[in-house]
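Below is one structure, written out as structure tokens, with a few remarks after it.
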Amino acid sequence: QLMSAEDYHATDAVGNSVLSDLKDSPAHCWALHINPLRPKREPTAAMRLGTLTHTAILEPDDVRRRYVVRPSDINPRTKAGQEWESAQVGLEVITADEWLMVDAQRAAVQQSEDLRALLSSGNAELSAFATDKATGLRVKCRPDWLHFTGPNRVRVLDLKTTTDITLDSVERSVATFGYHRQQAHYTRVLEAIGLTVEDFVFGFVTKTYPFFALPYRLDDETVAQGHEEVGELLSLY
């Protein structure tokens, strides 16, 4: 389905973020996703930049519609600067340095033959909902990019920003942030709606100069571990 991120997150179903917090503890999951008195979760600066990177790489035509670069002669601390920002209705203000950063990240991604091929056609940020066969739970996912290779056959791309793109660093990130569970959960949901996932690629791109982008794939053992953990977490939920 094509829907806004806000509507997706508001839809009552078990997503990857729920499972990630459940991995910490059921108390974390309840407090962050179920408690009716929980405070609204505001995006952090890192999350904001991550969204900018995703937009620039996956939806470049939308950048000008969603963002505006603050001119160098505008000081946001002054009254005139604040008035200028207030006039940018419906747009998120970014700095010239942030714009240069995402432009360099986009160029780095295009230099990877594998990533460039994946992005040659497809759809960004489609939302999928299904009923998990094993538990009967309503589940959901929102892949960064789906590249269709045939009727009901897809390759999945998930973009990640990182400070270090070396193998050792990426392996630590997979373990720390549970990317193996993310792949398993996304695959589980997509297959439940009738798609065959031919390939699942994590596209890592550095946050600072020098800007590099590389595709990484999880090995079979890590993929299997992800599916095992997701099955256990859905049962626990």
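The values are calculated or read from the model by the stated rules, or taken from the named source; none is laboratory data. Fair warning: this is a prediction, and the values are worked out from it, not measured in the lab. Don't worry about glycine lacking a Cβ; one is built from the backbone with ideal geometry, like all the others, and counts go over all protein chains shown. Heads up: the accessible areas ignore ligands, DNA and RNA and are worked out on the full protein's heavy atoms, side chains in. Shrake-Rupley method; radii C 1.70, N 1.55, O 1.52, S 1.80 Å.
Pro71 satisfies every condition listed in (1) more than 21 Å from the chain's Cα centre (by Cα); (2) surrounded by 13 or more Cβ atoms within 10 Å (Cβ to Cβ) except (2).
The residues of the range 94-134 that are open to solvent by less than 50 Å² (accessible area, probe 1.4 Å) and under 23 Å from Gly194 (Cα atoms), listed by number, are Leu118, Leu119, Gly122, Ala124, Glu125, Leu126, Ser127, Ala128, Phe129, Ala130, Asp132. In the range 152-161 there is at least one residue that is farther than 21 Å from Val63 by Cβ, open to solvent by less than 50 Å² (accessible area, probe 1.4 Å) and either among the β-branched types (Val, Ile, Thr) or at pLDDT below 95 (or both).
For the range 157-204, the tally of residues that are of a type in the set (A, V, I, L, M) and more than 18 Å from the chain's Cα centre (by Cα) stands at 4. For the range 1-44, the set of residues classified as open to solvent by 50 Å² or more (accessible area, probe 1.4 Å), within 16 Å of the chain's Cα centre (by Cα) and under 19 Å from Ser127 (Cα atoms) consists of Leu2, Glu6, Asp7, His9, Ser17, listed by residue number. Residues in the range 1-55 that are of a type in the set (Asp, Glu) and not in a helix (DSSP H, G or I): Asp12, Glu42. Restricting Asp158, Asp164, Asp168 to those that are assigned to a strand (DSSP E or B) and charged (D, E, K, R) reduces the list to Asp158. Within the range 78-93, restricting attention to residues that are aliphatic (A, V, I, L, M) and surrounded by 10 or more Cβ atoms within 10 Å (Cβ to Cβ), the residue that is nearest to Thr53 (Cα to Cα) is Val93. Selection of first residues in the range 218-234 that are at pLDDT 95 or above and of second residues that are of a type outside the set (Ser, Thr, Tyr) and not in a helix (DSSP H, G or I), restricted to Cβ pairs under 7 Å at least 6 apart or on distinct chains, gives the following pairs, ordered by first then second residue: Gly231/Ala134; Leu234/Val14; Leu234/Asp132; Leu234/Ala134; Leu234/Leu137. Only one of the numbered conditions (1) under 17 Å from Gln110 (Cα atoms); (2) among the hydrophobic types (A, V, I, L, M, F, W, C); (3) part of a strand (DSSP E or B) is not met by Phe211, and that is (3). Taking residues in the range 56-73 that are assigned to a loop (DSSP other than H, G, I, E, B), and partners anywhere that are among the polar types (S, T, N, Q) and open to solvent by 40 Å² or more (accessible area, probe 1.4 Å), the pairs with Cβ atoms closer than 7 Å and at least 6 places apart or on different chains are Arg70/Thr95.
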